[in-house]
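Asks: I'd like to ask you about the structure that follows.
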Amino acid sequence: MSQSDTPNAKQQFTYIGKHRRAVEHRRFVVGAGNFAGDIQLPGMCHVAIVASPYPSAQIIKIDAQAALALPGVVTVLTGEELCQQIEPILPGVDAPSVQRFPLAYPTIRYSGEWVVAVVAQSRAIAEDAAELIQVQYAELPFVIDPEQALQPGTHLVHQIAKTNLIFDRQFVWGPVDQDLANCAHTINYRVRWARSSTVPIETFAVVCDWQDATQILDVWASIQMPKFPDQLAKALRLPNNSVRVHFDIDVGGSYGVKRGLKHTILVAYLAKKLHRPIRFIEDRLENMRGGDMQGPDRIFEVTMGFENDGEIRSMKMHAIDDIGAYAGRTPLQLGKPVGAICGPYRIQSVAYHAQAVLTNKTPQEAVRGFGQAPTNYAIETGIDLVARFLKMSRIDLRKRNLIANNEFPYLIPSGTHYDSGDYAAVLDKALKSASIEDLHQQRDDLRKSGELAGIGISTCLEPSGGNSAFEPLFNPKNETTTWMESCLVRIDLGGTITAIMGTSSSGQAHETLVSTVIAEILLQDPETIRVIHSDSLNALPSNSPVGSRMAIMLGGAAAGAAKKLKQQLLAIAAYQLQKNPNDLVYSANRIYDHTNQNNQISWSTLVEIAHRKFHLLPANMEPGLQEKFVWEVPTGGQLPSTDGKVQMYPCHSFESHVVLLSIDPKTGKVKIHRYVCGHDCGVMISPDVVHGMTYGGIAHGLGAALMEKFAFSPEGQFLSGTFMDYLLPSATEVPGITIVDHCTPSPLTEFGQKGSGEAGYLGSPAAIASAINDALATIQASINYLPMTPNAIWNAIQDKNSTKISN
Amino acid sequence: MKAAPFDYHLADHLDHALELLDHLGNDVKLIAGGQSLVPMMAMRLAKPSHLVDINRIQSLQQINLQEKSLYTGSTVKQKDLESSHISQAIPLFKQALPWVGHQQTRNRGTVGGSLAHADPSAELPLIATVLNASLHVQSHNSQREIRAQDFFLGPMWTSLAPQECLTDIHWPIWNKQFFGSRFLETSIRHGDFAMASAAAQINLNPDGTIQQLSFGVGGMGATPIAFPSLSQPLIGKHLSSEAMHELANQAILLTEPTSDLHASASYRMNLARTLLSRALLGAFEQAQQHPQ
Amino acid sequence: MAQINSYTITIEVNGQSVTKMVEPRISLVDFIREELRLTGTHVGCEHGICGACSILLNGDPVRSCCMFAIQANGMRITTVEGLAPERGQLSKIQDAFCEKHALQCGFCTPGMLIACQALINKIPQPNETQIREAIGGNLCRCTGYQQIVDAVLFATKISSPNPEQ
């Protein structure tokens, strides 16, 4: 449940901020969603994969004879053929030699890497045939541990790169060494964020169909990715306008990971080669091991320098990310946190050393928050340690350091301005909602009854808006500064409104967002406004729903287009009524003279004039009512400076979590008694949607904190292939959650909205770790790695003598 | 994850099923609820050439509750053990069944299926072991009774021969007077296989001494384990709380748990010791509190 | 390899009798989705954990990935497409899901609706604990379950309790 409160909202809204049933729900609750796996085309064939059992090997020989002889098998594709026919997938950092192909050839680099694709009339027959394929491998050395991978003389995952350190950069913003030397105390600590991911319930699914006659490749895919059609065209050596990605496919959850480039290139190639539609739905085994959708896997070594009164002056952070066997976009996941590197705190100088390391493991993919959640976990751990060192309350220490509400826009050392916020107010709201005094009492009672019990606090930023300036920051050869979104809005001859968005949705209720925004501007009932998804041939530029950007960017684009239409309607009315447009009032379904209400013109008349009565249009006006708006991200458009400073995301949402939990000291099992999240994302266009994201994000974070990990054996074998190994929290693990809303509008957006797609996830692992360590501190124990499973907590209890703070 | 091809045979009565088992060779598996078998076939860890479906055989679905015994046919659904009159007779069912997967699992999964699958962490095999239930097993030309403590041989391995079918299970019912039982398990998520589990059941004499005692642990080795060598000598004796802790300690020392992704062997030992201790204490307390 | 035989099965699906030939190895969920073209029921894991494939079998919720279609011969199944009382209407639970925003991407939703419908068929006014247990076998990565719980409470007309209690 949630308690909404908008004391700082700029204005009263008609539709924005109200409870409204999401448009998308109508089809989902009756089972009429349109997911990629639902697509059936005549003559369609199916793909199954043969994957490598070894983490590192050379392919010696592939014998597909028995497979090809099986009735119903259409073809068998090896990497040897595929690699010659397509362009490699390249990393987002400057390392063009680190190439990736959908099928490995000749070198295997992780256990589960795809080796052979079998095409058959059914998926079942394709799997039968896959079992008959014999692959001869010569095993090679391998490296699994990222710190080991950095050592000289270790096996190189890509020989040609001459190093496993595919990205290495040190940023120094301000006089860090000096500040650390001058302050009263320093602490050093280490935390380990385990490799986890968002693991949507729908695996990646793709259907491709190529037509010789039109030279068009149709793609229906469970996709959430910027520049997907472009990368696809490039890899397949097709002109961009030969690729038609259908963005009206419903995506069954993504939260970052559904990039599926290798899946789609593979299937597209097969569709083109065989001239028949091909469908590939990853099964769960293929997805977990070789779907390349695992997440950040980080070691943080942090130093914080602080004064006796709690002021944290300076921070040094070293982050090593084990990105697996190929790079893709993921090293950039170390870069996005640069835009909020000091969190919500007034830390004056920061040094950040980011390293991305290759190992013989499944590659990572972008995960919700793009690296911010692990970074927040690292920062918040330090805040708690400083408080404990000074014997200060963790709440007071935070308040000592939180940026105050009169300091915005606030410039952080790495070059980003935080737009607005009132962090202390959100923290206070969360504490009040949780009844912090009651929580203290409850904690004490639990402790008296023999449990370990702790309260956790986190105060974290959610950067939003998707100015992906980390791209040129981490790869100066990539001078991209355009991060845009578009919307086209039409009012048709019948007076009904249709809006077109140019990307896919995976549960964010964009159709609801866009129709609400347009309704607000044009004062039409949002239920009558239809929102459709284009395909990539008729789409306006989009950078897809990443970086919590769509409320800001798609909302802004929809508003921009609607405003242009509103201006056009006013101009038509002014011409008809022979008034100055400034003397007219735009109202629901009519425009009238503000001095005489009876001097008016109705919506339907205006629409008729626009579409049918050219003789009544003002001069130089286009017929019809259709406007597009293509919008660059606010505060975007600059390249980084040479000292690595850049404005990253424009808008900064904020969350504060308060958690009470207990631990059975004999079993290490955790029980959460109370969970409160204070949340400020400016004006909420759709409060139900925002709350839903936040609950879901908290559940994601709880999983990462307590139970989720992609594990590998020391021999490089992947151990977390099924849902019995990789544990997703169910309704019995996720507690009841209370959300308390606050609103500091953004000065940069149409309605004051900020993004919220990553809400909850960015702050909950930190809060849960904070609570567990508060509990363990009573017996001088602590835990500095995730996931904090019962076994891990029990180990920490046994290992009471280890200290994580050093001066 | 599509199963490998197989042929399917629906048995309408037990003799038919046993004949099929006899004729179809060694690469045949029985299927009832399929909650363990079908996922294994989907992952191609099991690839039988033939499935014999026994889920429609009426004679295997019977439940017969008597004063001292509960007889369940092997294809009785797990959810049916949650009914009130059965769980009054054997409260361990009521305590354990909420941990058996989720409602979907128990709506299809069968009692015999769980026992024949013999996962060392599963709840029903542990209860069967602690109660030393008697399993009735038949083939085309033979039948025999096997005690639960002899039935489980290893992980996913029982003393069932390839042509044999588990047909019914006889669960002993203890005295209602001075009775206590406790089933505890710890898993990371509700419904997962236990990292370790413990079950204890006790009858006391009116003077507070032990009339009957049985306890065991699951997830602590190749099979569920009961400890008759430890419980038998206690008959007629009093048992203090400290002695119960010590008993749990001794029992765990007899186990050899393995490490896996979710739990190390040493954590398991500690966990099982804690759960067994608590199960014994809980059962004992209940027995003392509820004379009838 | 075993000879591939096909068999005729008859199943009542959402109130209508359907007769088809199937190979034994076709799972019930694949039969529903590919043969019957009822794509509302979804496949999430194919090993009996996620619950996205949940349907009602003779009124009880089961995982249709853990059954072969042939095992359902002669039985009655209800999928998400069969939950609405009539065309153009929604069941109480479906309506409550919409009202309380109990879904986002919609992928787990059909199985979730089945689990919730089965619950309220058995327990007309469940409490929060009973709801969470009933949907414990249905994984969702979008919602964090809170609004789903709220939806069931709303459908059964109890106001949301404070999670402190």
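Asks: Could you say which residue among A:478, A:580, A:543 is open to solvent by 20 Å² or more (accessible area, probe 1.4 Å), closer than 30 Å to residue A:643 by Cα and not aliphatic (A, V, I, L, M)?
Replies: The match here is A:478.
Asks: Is it the case that segment C:77-90 has a residue that's assigned to a strand (DSSP E or B) and either at the interface with chain A (Cβ under 10 Å from one of its Cβ atoms) or buried (at least 21 other Cβ atoms within 10 Å of the Cβ) (or both)? Step through it out loud before you land on a result.
Replies: Step one: of segment C:77-90, the residues assigned to a strand (DSSP E or B) are C:77-78.
Filter again for either at the interface with chain A (Cβ under 10 Å from one of its Cβ atoms) or buried (at least 21 other Cβ atoms within 10 Å of the Cβ) (or both), leaving C:77.
Yes, that holds for at least one residue.
Asks: Inspect segment B:263-274 for any residue being within 17 Å of residue B:95 (Cβ to Cβ) and of a type in the set (D, E, K, R) and give the result as yes or no.
Replies: Within segment B:263-274 (the criterion being within 17 Å of residue B:95 (Cβ to Cβ) and of a type in the set (D, E, K, R)), the answer is no, since none of the residues qualifies.
Asks: On to the next question. For segment A:355-373, give me each residue that is open to solvent by less than 10 Å² (accessible area, probe 1.4 Å) and either within 20 Å of the chain's Cα centre (by Cα) or without any contact (Cβ under 8 Å) to a residue 24 or more places away in the chain (or both).
Replies: A:356, A:362, A:363, A:364, A:366, A:367, A:369, A:371, A:372, A:373
Yes/no per residue for (1) touching a residue at least 24 places away in the same chain (Cβ under 8 Å); (2) of a type in the set (A, V, I, L, M, F, W, C); (3) touching a Ser or Thr at 6+ places or on another chain (Cβ under 8 Å):
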| position | (1), (2), (3) |
| --- | --- |
| A:670 | yes, yes, yes |
| A:680 | yes, no, yes |
| A:688 | yes, no, no |
| A:694 | yes, no, yes |
| A:701 | yes, no, yes |
| A:715 | yes, no, no |
| A:729 | yes, no, no |
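Asks: Only one of these is over 23 Å from residue A:724 (Cβ atoms), free of Cβ contacts under 8 Å to residues at least 60 places away in the same chain, more than 13 Å from chain A (Cβ to nearest Cβ) and open to solvent by 30 Å² or more (accessible area, probe 1.4 Å): C:58, C:73. Name it.
Replies: C:58
Asks: Just need a number here: residues in segment A:384-428 that are in a helix (DSSP H, G or I), within 30 Å of residue A:473 (Cα to Cα) and touching a Gly at 6+ places or on another chain (Cβ under 8 Å).
Replies: Residues flagged as in a helix (DSSP H, G or I), within 30 Å of residue A:473 (Cα to Cα) and touching a Gly at 6+ places or on another chain (Cβ under 8 Å) within segment A:384-428 amount to 1.
Asks: Say we look at segment B:1-22 and pick out the residues that are within 11 Å of chain C (Cβ to nearest Cβ) and assigned to a loop (DSSP other than H, G, I, E, B); which of these is most open to solvent (accessible area, probe 1.4 Å)? Explain how you work it out, then say what you get.
Replies: Applying the first criterion (within 11 Å of chain C (Cβ to nearest Cβ)) to segment B:1-22 yields B:1-10.
Then drop every residue that is not assigned to a loop (DSSP other than H, G, I, E, B), which leaves B:1-6.
Working: B:1: 8, B:2: 37, B:3: 6, B:4: 14, B:5: 14, B:6: 5 Å².
Residue satisfying both the conditions and the ranking: B:2.
Asks: Ok, one more. Answer with yes or no whether residue A:380 is among the acidic types (Asp, Glu), touching an Asp or Glu at 6+ places or on another chain (Cβ under 7 Å) and at pLDDT 95 or above.
Replies: When the stated conditions are applied, residue A:380 does not pass them.
Asks: Something else: Can we say residue C:137 is under 30 Å from residue C:9 (Cβ atoms) and either among the polar types (S, T, N, Q) or in contact (Cβ under 8 Å) with a residue 12 or more places away in the chain (or both)? Break it down into steps so the answer makes sense when it comes.
Replies: Details: under 30 Å from residue C:9 (Cβ atoms): yes; either among the polar types (S, T, N, Q) or in contact (Cβ under 8 Å) with a residue 12 or more places away in the chain (or both): yes.
Against the criterion (under 30 Å from residue C:9 (Cβ atoms) and either among the polar types (S, T, N, Q) or in contact (Cβ under 8 Å) with a residue 12 or more places away in the chain (or both)), residue C:137 qualifies.
Asks: Within segment A:705-719, does at least one residue satisfy the condition of being more than 7 Å from chain C (Cβ to nearest Cβ), within 23 Å of residue A:653 (Cα to Cα) and out of contact with any His (no Cβ under 7 Å at 6 or more places or on another chain)?
Replies: yes
Asks: Pairs under 6 Å by beta carbon, first residue more than 22 Å from residue B:263 (Cα to Cα) in segment B:209-233, partner hydroxyl-bearing (Ser, Thr, Tyr) and open to solvent by 10 Å² or more (accessible area, probe 1.4 Å), six or more apart or different chains?
Replies: Partner pairs satisfying both residue conditions: B:231/B:214.
Asks: Next question, about the same structure. So residue B:226 fits all but one of (1) more than 14 Å from chain A (Cβ to nearest Cβ); (2) touching a strand residue (DSSP E or B) at 6+ places or on another chain (Cβ under 8 Å); (3) on the phi > 0 side of the Ramachandran plot; what number is the exception?
Replies: The one condition residue B:226 does not meet is (3).
Asks: Failed condition for residue A:734, given (1) free of Cβ contacts under 8 Å to residues at least 60 places away in the same chain; (2) open to solvent by 10 Å² or more (accessible area, probe 1.4 Å); (3) of a type in the set (Val, Ile, Thr), with all others met?
Replies: With (1) free of Cβ contacts under 8 Å to residues at least 60 places away in the same chain; (2) open to solvent by 10 Å² or more (accessible area, probe 1.4 Å); (3) of a type in the set (Val, Ile, Thr) applied to residue A:734, the lone miss is (2).
Asks: Another question, then. Could you please give the count of residues in segment A:30-72 that are surrounded by 15 or more Cβ atoms within 10 Å (Cβ to Cβ), away from chain C (no Cβ under 14 Å) and among the β-branched types (Val, Ile, Thr)?
Replies: Number satisfying all stated conditions: 5.
Asks: Given segment B:23-141, what strands (runs of 3 or more DSSP E) lie entirely inside it while holding 1 or more residues that are more than 13 Å from chain C (Cβ to nearest Cβ)? Give the steps one after another, and end with the answer.
Replies: Working: elements: B:28-31, B:50-53, B:63-65, B:69-73, B:134-139.
Per the criteria, B:63-65, B:69-73, B:134-139.
Asks: Return the total of residues in segment A:762-777 being farther than 13 Å from residue A:661 by Cβ and open to solvent by 10 Å² or more (accessible area, probe 1.4 Å).
Replies: Selection size over segment A:762-777: 1.
Asks: Give the number of residues within segment B:26-42 that are closer than 19 Å to residue A:284 by Cβ and open to solvent by less than 40 Å² (accessible area, probe 1.4 Å). Walk me through how you get there before you give the answer.
Replies: Looking only at segment B:26-42, we keep the residues that are closer than 19 Å to residue A:284 by Cβ, and these are B:34-42.
From the residues that got through so far, the ones that are open to solvent by less than 40 Å² (accessible area, probe 1.4 Å) too are B:34-35, B:37-39, B:41-42.
Within segment B:26-42, residues that are closer than 19 Å to residue A:284 by Cβ and open to solvent by less than 40 Å² (accessible area, probe 1.4 Å) number 7.
Asks: Moving on to the next point. Kindly indicate whether any position in segment B:232-249 is within 14 Å of chain A (Cβ to nearest Cβ) and open to solvent by less than 10 Å² (accessible area, probe 1.4 Å). I'd like the intermediate steps shown before the answer.
Replies: Narrowing segment B:232-249 to residues within 14 Å of chain A (Cβ to nearest Cβ): B:245, B:248-249.
The next check asks that each one be open to solvent by less than 10 Å² (accessible area, probe 1.4 Å); those that pass are B:248.
Looking for residues that are within 14 Å of chain A (Cβ to nearest Cβ) and open to solvent by less than 10 Å² (accessible area, probe 1.4 Å), one finds at least one in segment B:232-249, hence yes.
The values are calculated or read from the model by the stated rules, or taken from the named source; none is laboratory data. The structure displayed is predicted, hence computed values, not measured ones. Positions of Cβ are generated from backbone atoms using ideal geometry, with glycine treated the same way; all protein chains shown enter the neighbour counts. Please note that ligands, DNA and RNA were not included when accessible areas were found on the heavy atoms of the full protein model with its side chains. Shrake-Rupley method; radii C 1.70, N 1.55, O 1.52, S 1.80 Å.
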